[in-house]
Each structure stands twice: as C-alpha cells, then as structure tokens.
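Q: Handing you this structure, nothing more for now.
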Amino acid sequence: MSFLVRFEKETQLVGYPKAHLWVEADGADDMDLFVLIQKLDRFGTPLQAFTVPNQSALVHDVTDHGASILRYKGSDGRLRVSARHLDGARTSDEVPAHSFDRVEKLSPGEVAEIEIDLLPIGLAFHPEEQLRFIVSSRNLLGTMMPGIAEYAGAGSGRHVVHTGGEHASYLQLPVMGS
C-alpha cells in the first residue's frame, strides 16, 4: 500500500521520520512490516542516487538486481510486530526505541499500535515533486548484495493497516522550519 504527497512549495526534510501505524493480522499472529519513503519527480518517477563514485555500467547492472547498499532508493524501516514494545526511557517523539525484551503476538481481531523508525533523511523537495510512503510485507529495497537470498518475513494471512477514526495511522516527517 502506498500514499502520495505532492509538494506545493520548497520543502526540506532533515532528521528522523517515523511511521505510527495501527495494524492487524487477519489469519496470523505476527507480521513483518517494511516501510519506505521515496522521492519522486513531478512525473512520478522515483529519484535514486549512487552512494559510490564509480557509476559504471557494471554498477548499474549490479544495483538493478540487489546491491541496495550501493544505490540510495529512499529512507526505510522495518519491524516484526510482535517486537513492538517500546522502551519508555529511551523513546522520544522523534525516535522510537524498541525494548526487544518480549514477544507480543497478536490475538485474532487485535488492532495493534506500532511505531517504526526510519533511517534519517536529508531531502529537498521542489514544487511539484512528490513523496511516496510505502508499507509492505516485504523488503522493497532488495538485498544488500547480489546473490544473497531475500529475507522471508514472518506471518501469513492478510495485513491490514487502519487509517482513520480512532486508529489513524500517520507518517511523521522532520520538516525544516516547522
């Protein structure tokens, strides 16, 4: 699932984004969630940047089939929902800190509140450029290097993200000057 925002004015994002989601696993007691923020041009094309100076044909080929460490595709985060418990002493409004000291499986019909921290960002958006926020059950960035098997997530069934009313999910962005 994805959400899209088109910027009307110059906007800079600097810092730690956070996904605050209300989720439910229909037919499972756990799930892995992956979130990704992408910068898109005004036509909706994802903008990416190489993280290495050598941008040869080989580097292009390698990064098309993995090697996500060599190409910046956006800020990402991930969480196994059963590990959602936050450490109250270390968590701030900007950065959730998970305790990883317990496993909290989901009950049938339970809607769980989770927070997923994303890698820090520094992005400038010009008018008409877009931000896409994606929530997925798999890692959309691919593997760190070609030939490494893709991670197989936990859980099955249907993943539900609630978006309104008392279960309003949101993406918190570090907007400069606000």
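The values are calculated or read from the model by the stated rules, or taken from the named source; none is laboratory data. Since the structure is predicted, the reported quantities are computational estimates derived from the model, not experimental observations. A quick note on method: Cβ atoms are made from the backbone with ideal geometry, for glycine too, and the neighbour counts reach across all protein chains shown.
Q: Somewhere in segment 3-22, is a residue at pLDDT below 95 and crowded, with 19+ Cβ neighbours inside 10 Å?
A: No, there is no match, as no residue in segment 3-22 is at pLDDT below 95 and crowded, with 19+ Cβ neighbours inside 10 Å.
Q: If you scan segment 94-107, which residues turn out to be touching a residue at least 40 places away in the same chain (Cβ under 8 Å) and either loosely packed, with under 14 Cβ neighbours inside 10 Å or not in a loop (DSSP other than H, G, I, E, B) (or both)?
A: E94, K105, S107
Q: Another question, then. Testing H162 on (1) modelled with pLDDT of 90 or more; (2) surrounded by fewer than 16 Cβ atoms within 10 Å (Cβ to Cβ), one condition comes back false. Which one is that?
A: Going through (1) modelled with pLDDT of 90 or more; (2) surrounded by fewer than 16 Cβ atoms within 10 Å (Cβ to Cβ) one by one, H162 breaks only (2).
Q: Now a separate question. Please find, among E94, E150, the residue that is farther than 27 Å from T11 by Cα, acidic (D, E) and modelled with pLDDT under 95. Before you say what the answer is, go through the steps one by one.
A: On the way: E94 fails: farther than 27 Å from T11 by Cα.
None of the others qualify; the one that does is E150.
Q: Given the conditions (1) within 25 Å of A25 (Cα to Cα); (2) modelled with pLDDT of 95 or more; (3) of a type in the set (S, T, N, Q), and given that S156 satisfies all but one, which numbered condition is not satisfied?
A: (2)
Q: For segment 17-38, enumerate the residues that are hydrophobic (A, V, I, L, M, F, W, C) and within 17 Å of the chain's Cα centre (by Cα). It would help to see each step written out before you state the result.
A: Here is the first cut: in segment 17-38, the residues hydrophobic (A, V, I, L, M, F, W, C) are 19, 21-23, 25, 28, 31, 33-37.
Across segment 17-38, the qualifying residues are A19, L21, W22, V23, M31, L33, F34, V35, L36, I37.
Q: Can we say E110 is at pLDDT 95 or above, assigned to a loop (DSSP other than H, G, I, E, B), surrounded by 12 or more Cβ atoms within 10 Å (Cβ to Cβ) and out of contact with any Ser or Thr (no Cβ under 6 Å at 6 or more places or on another chain)?
A: Details: at pLDDT 95 or above: yes; assigned to a loop (DSSP other than H, G, I, E, B): yes; surrounded by 12 or more Cβ atoms within 10 Å (Cβ to Cβ): yes; out of contact with any Ser or Thr (no Cβ under 6 Å at 6 or more places or on another chain): yes.
So E110 passes the test.
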